């Protein structure tokens, strides 16, 4: 049965988080209808299992709750409640946590008490437990909007941090963070169990995350020593039984036609990068020509590129449609364009 849920988007990159949520809803619910009720708070419909899978896979989604109340004033009361059967989702003892998404004059402790009082008047005999709660109620405040609900799940920040480049057995300065790698895979909209290809594997960030999410991951890397390092990372942190690491040149891919369900990649670029053939755009055009032969008809190619590279203008000339064009600021001197395209 479908219910209403609320996703709290990461403040790191709200447009990218919104695109990731839309993609995940297409994967798990075959729909992408969402209602953005504030900058970082999004309402959507799904069944409970799908909602749990969305947050389990997220890179840029902070948390998901099943909403109990939505209030646009500084106080909540019984009229703020939007669920008729609260007793089915709120069990005692409970823990209430308030989090502000930006600056707000609302006092967190006052709001926690207010939330408890309203729920207690409706349900009666509620108790608080900070050690073993049966229900965790999260209350988010953004501007004058207050949204509270039962926590479905939060992004596993601890696990993502444990896999960040500096903590892997093999690393390189150009390696991307697991949350971005995970997001790029999600933006392919490939069904779970499909085949994800990264033609510029590097240290293995994308195949590593794809394998953890249940995909068969294929990574191609030109430099053998980097490929072996990526294999070490995936063996140590990912699911190597679902991964194939290949030393090879992506300008000459040797796969059968229409086998790949999605491409997610972060090609080599930067001042210290040596591009085979000399120019990034020329190399990418050669690789994309290869990809067009091996991706399935409904597959997406998701690629991160240096901001305003002239290859973006060539994508449509190759017969691809740009579905989304997003940006990610890495630091002051590096901005990535994230392009989602399909046949």
Hey, what number do you get for the chain at 222 nm if only DSSP H runs of n ≥ 4 count, each worth -39500 (n - 2.57), divided across all residues, to the nearest 500? -8500 deg cm²/dmol
Longest principal axis of the chain (C-alpha) makes with the long axis of helix 280-294 (C-alpha) an angle, in degrees to the nearest 10, of 80 degrees
Given the options 143, 59, 124, state which has the largest fluctuation in a GNM of the chain using a 10 Å cut-off (strictly under) for Cα springs. 124
Pseudo-spin-label distance residue 241 to residue 343, built 7 Å along Cα→Cβ, given in nm, is 3.2 nm
Equivalent ellipsoid, region 158-342 (semi-axes from 5 times Cα gyration tensor eigenvalues, Å): 22, 19, 16
Determine the distance separating the Cα centre of region 122-182 from the Cα centre of region 280-321; give it in Å without decimals. 34 Å
On full extension of the chain, what length is gained from residue 308 through residue 121, given 0.36 nm per residue of separation minus the C-alpha to C-alpha distance? 61.7 nm
Helix 224-237 versus the longest principal axis of the chain: what angle, 0 to 90°, nearest 10, using Cα atoms? 20 degrees
Between helix 48-57 and the chain: long-axis angle, C-alpha atoms, 0 to 90°, nearest 10: 50 degrees
Relative contact order (percent) for region 2-154, with alpha-carbon contacts under 8 angstrom and 6 or more residues of separation? 28 percent
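Provide the FRET efficiency to the nearest 0.05 for the residue 49-residue 87 pair, computing r from the beta carbons and using R0 = 22 Å. Could you put the intermediate results ahead of the total?
Working: r = 22 Å, r/R0 = 0.98.
Efficiency computed from Cβ-Cβ geometry: 0.55.
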Please identify, among 145, 24, 291, the residue showing maximal mean-square fluctuation in a Gaussian network model of the chain using a 10 angstrom Cα cutoff. 145
Quick note, the chain: a/c under 1.5 would make it rounded; otherwise a/b > b/c is prolate and the rest oblate (a ≥ b ≥ c, C-alpha gyration tensor); here it is prolate
Given contacts defined as C-alpha pairs under 8 Å and at least six residues apart, what's the relative contact order of region 65-143, whole-number percent? 42 percent
Given a 10 angstrom Cα cut-off, can you work out which residue in 38, 79, 281 is the most mobile in a GNM of the chain? 79
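Relative contact order for the chain: what is it in percent, counting Cα pairs under 8 Å that are at least 6 residues apart? Please report the intermediate quantities before stating the final value.
Details: 727 pairs, mean separation 45.5, N = 343.
So the answer I get is 13 percent.
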Most to least packed among 306-312, 226-232 [average Cβ atoms within 10 Å]: 226-232, 306-312
Gain in span if fully extended, residue 129 to residue 107, counting 0.36 nm per residue against the direct Cα distance: 5.8 nm
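What full-extension length gain, to one decimal in nm, is calculated for residue 281 and residue 32 as 0.36 nm per residue of separation minus the Cα-Cα distance? Display every interim value, and only then the final one.
Values: separation 249, 0.36 × 249 = 89.64 nm, distance 3.25 nm.
Additional length available on full extension: 86.4 nm.
Here, each number is a calculation from the coordinates, and none is a lab measurement. Just so it is clear, the structure is predicted and the values come from calculations on it, not from any experiment. Positions of Cβ are backbone-derived with ideal geometry, glycine not excepted, and every protein chain shown enters the neighbour counts.
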